1. Within the group ILE559, ILE606, which residue is assigned to a strand (DSSP E or B), of a type in the set (A, V, I, L, M, F, W, C) and crowded, with 16+ Cβ neighbours inside 10 Å?
2. Are there any strands (runs of 3 or more DSSP E) wholly within the range 279-347 with 3 or more residues that are modelled with pLDDT of 85 or more, touching an Asp or Glu at 6+ places or on another chain (Cβ under 6 Å) and farther than 26 Å from LEU750 by Cα, and if so which?
3. When both residues are 6+ apart or on different chains and their Cβ atoms are under 8 Å apart, which pairs have a first residue that lies in the range 425-438 and is open to solvent by 10 Å² or more (accessible area, probe 1.4 Å), and a second that is in a strand (DSSP E or B)?
4. What are the residues in the range 94-142 that are open to solvent by 40 Å² or more (accessible area, probe 1.4 Å), at pLDDT 90 or above, small (Gly, Ala, Ser) and in contact with a helix residue (DSSP H, G or I) (Cβ under 8 Å, 6 or more places away or on another chain), if any?
5. Condition (residue is closer than 22 Å to ALA62 by Cα, open to solvent by less than 20 Å² (accessible area, probe 1.4 Å) and not in a helix (DSSP H, G or I)) applied to the range 160-177: is it met by at least one residue?
6. Just give me the residues in the range 509-519 being in contact with a strand residue (DSSP E or B) (Cβ under 9 Å, 6 or more places away or on another chain) and either at pLDDT below 90 or surrounded by fewer than 17 Cβ atoms within 10 Å (Cβ to Cβ) (or both), in sequence order.
7. In the range 374-484, which strands (runs of 3 or more DSSP E) lie fully inside it and hold 2 or more residues that are touching a Phe, Trp or Tyr at 6+ places or on another chain (Cβ under 9 Å) and at pLDDT 85 or above?
Amino acid sequence: MKQQFEVTGMSCAACSAHVEKAVGGLSGVENVQVNLMAGSMTVNYADDQLNDQQIVQAVIDAGYGASVKGEKAKADTGADDQKELKTMQNRIVTSFVFLALLMYVSMGSMMGLPLPAFLSGMENAANFALTQLLLTLPIILVNRKYYVNGFRTLMHRAPTMDALIAVGSGAALVYGIFAMYQIGWGLGHQDMERVHQYAHDLYFESAAMILTLVTLGKYFETRAKRKTSEAISKLMNLRPETASVLRNGQEVQIPVDEVQVGDLVVVRPGQSIPVDGVITEGQTALDESALTGESIPVEKGAGDTVIAATINKTGFITFRASRVGEETTLSQIIHLVEEASASKAPIAKLADRVAGVFVPVVLVIALVTTIVWLAVGASFTFALSCGIAVLVISCPCALGLATPVAIMVGTGVGAENGVLFQSAEALEELHHVNAVILDKTGTVTEGHPVVTDVKAYGMSDVQLLSIAYGLEQASEHPLAEAIVTYAKEQGTHAPAVQDFAAQVGSGVSALIDGKQCLAGKAAMLEAQGVSLGDGVAFGEQLAEQGKTPLYFAQDGTLIGIIGVADVVKPTSKEAVAQLKRLGIDVTLLTGDHRKTAQAICDQLGIEHVVAEVLPQDKEREVRRLQEAGKKVVMVGDGINDAPALARADVGIAIGAGTDVAISAADVVLMKSDLMDAVNAIRLSRMTIRNIKQNLFWAFLYNCIGIPLAAGVFWASFHLKLNPMFGAAAMSMSSVCVVSNALRLRFFRPLVAEAKQKAAACSTTSCTACPATGCQTTIEENRKEVKTMEKTIVIEGMMCGHCSKHVHDALVKLEGVQEATVSHEAGTAVCQLSADVSNDVLTDTVKEAGYQVVEIR
């Protein structure tokens, strides 16, 4: 059984490691994954040996709170994010007020600032020390959480980062109190040398500074982490609270959770669709951008499917609910994103293993550091300072956050752009791929036949189309449906038909205006004595292009040929080109005839094609490439693609495909757009690069910081870290890791040029431009778009001179009218009078000495 739990009270990677260890030790637990970022835990266990309550109790016994996802936590429930931030803000304000006073008292005299008479001079050293203690106590009181959690985890023999802070600041506090007693003894025995020594070694300001800076870092970290889960929050906020349902003929407003399958739901213009269903009455245009990223509203009518959280833009509709509650598409998307965010990528395992033993190792290093310095003759103050510095500079959080924060942001960004990763493993595995296998039908093509060519003999195209309409409207063949749809789009009149007859697998015949008309394959017409004449060459030409020619005759004479084909999607060609640009081999896999498949390949620029394959052959082809050392992605949409999707290193399912294909895939493309497969790979590569940067920074920080704090460089370079600076560095390390991961939010998906033109075009009912469906011709379209804007995101620009170098290089290019370059924003916005390729722009910026992150 698989169950999700909410876990509270975790503050660092060592916490999550301890929870994982506590639950993993239960009999019957097969697998457990704890996500620090999401405060969640996923457990696979044998339900005949274990139950949810036992798992919750194991977490509580470990010192944390837990509950089954959706229920109220049974222990350590804590506050929500907003309340937590408010509490932290109050703690920070209080801490800084008292810290400012404390720093003035402890260090003011060193900076020449006046102190009250009762605090000045060695004779008032006791007052001086006591005042510092009194100013430190409020800071300790408001930040007591570190001591409560830290010492509790020490008692459970599973120390966390809170334990490091508690021991480090506690040691400084105890030493300060010890120094106060020494000052008192010195004043009582007139040992002013002792008084002078300990009056300047109180360390109260170190204890206060450690707690204040760590709290400040935690505040920034918490605020940044909230942004990582914004994608899920946005999705949840899309759900309307209520729905208008027809009950006994009356319209009733009810909570959306009470809508049942089969209910008739009413939606007015401007309202959100509350649940999934099928329209029974009315027509409208739905804004599905929140789920698919597609900005253009989609026309819907009776019989069409509607999805929860999409927005009704124009018409009044009634639909019958088909999926409600957790079964809706939106709920499943939220579930997928949550699962992917909570899962762990293989790259996280090393960091998790290190974080699990990190705190005990640091405690040992701190103790050894103190003992060694004492053994070599250093003063107790020096040795203690080094030990405390080791405790407060080490940061398991930087290691623990490096992977999950990037995974959460990456999966969230993917969801916002219509790319759903079903696991973190898929997100990581995708960056390795070097081979893509594309299913043809429905993946690179539209998935349904459309009319592509009309050629009439001895009559006009309009007359031919009218006869074809009359013959095919009674047929149920998919090719006939394509002709009927096309005829309706052209406003063609359907003539009266008599004596209709269908010959299965060959064609149809009927009387139209008293004349015998035929439609079908060439063989059927020839069998009826019709001479095809010049039509033979045109039919063969269509067949070579992967199209199906349908022949039409009237009273024994050929009157025309209509070409029908499953046409390539407008974005497929550019998607294939982008895949190649990423260094990926592309193969087309289809059950169609080789001639049809090769025609598609020629159109798209695909070198490898495997045609006339059965479902098991598709899986075998994936395995063949894997055995050749390739990391393979399979992109498909049908039931017959499921075995290949499951076999591939990463399976990508088209969102419009079957449930079987989607369940077998690792990534789902909501928009059924092949360009999103490119974006999924780009996002994967960017996320893994970000994780590696985070891990490198975290390891480097600890590898340098801990030896520096321990005083390793003291003998050679007189370099030693003050505990206050150690606390500041530790806080900033986590903030840096989270902030770096948040850069993924600036990911911009590539959009095919044909799609951009279609979105920009205001003309409707288009026929002339096949790529965009625009009423104007392609040439007219080009003349109309006189200027174009491209934004280049650039790394490495540091000052105004850098901006000038990039500007001067870009404006020299033919077609670049103007370039607005900003080193602060890291962008160059180019106004183009002609199409300048992205490759040319990239090479130009690189030659100027800078790196291009992306062009949009």
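The values are calculated or read from the model by the stated rules, or taken from the named source; none is laboratory data. Just so it is clear, the model here is predicted, and its values are computed rather than measured. No Cβ is skipped: glycine too gets one built from the backbone with ideal geometry, and neighbour counts run over all protein chains shown. With ligands, DNA and RNA removed, areas are computed over all heavy atoms of the protein, side chains included. Shrake-Rupley method; radii C 1.70, N 1.55, O 1.52, S 1.80 Å.
1. ILE559
2. 317-323
3. GLU429/VAL650; ASN434/ASP585
4. ALA126
5. There is at least one residue in the range 160-177 that is closer than 22 Å to ALA62 by Cα, open to solvent by less than 20 Å² (accessible area, probe 1.4 Å) and not in a helix (DSSP H, G or I).
6. LEU511, GLY514, LYS515, GLN516
7. Filter on the range 374-484 gives 450-456.
Let's see how each residue does on (1) of a type outside the set (Ser, Thr, Tyr); (2) within 50 Å of the chain's Cα centre (by Cα):
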position	(1), (2)
MET459	yes, no
LEU471	yes, no
ALA474	yes, yes
PRO478	yes, yes
TYR486	no, yes
GLU489	yes, yes
PRO495	yes, no
LEU518	yes, no
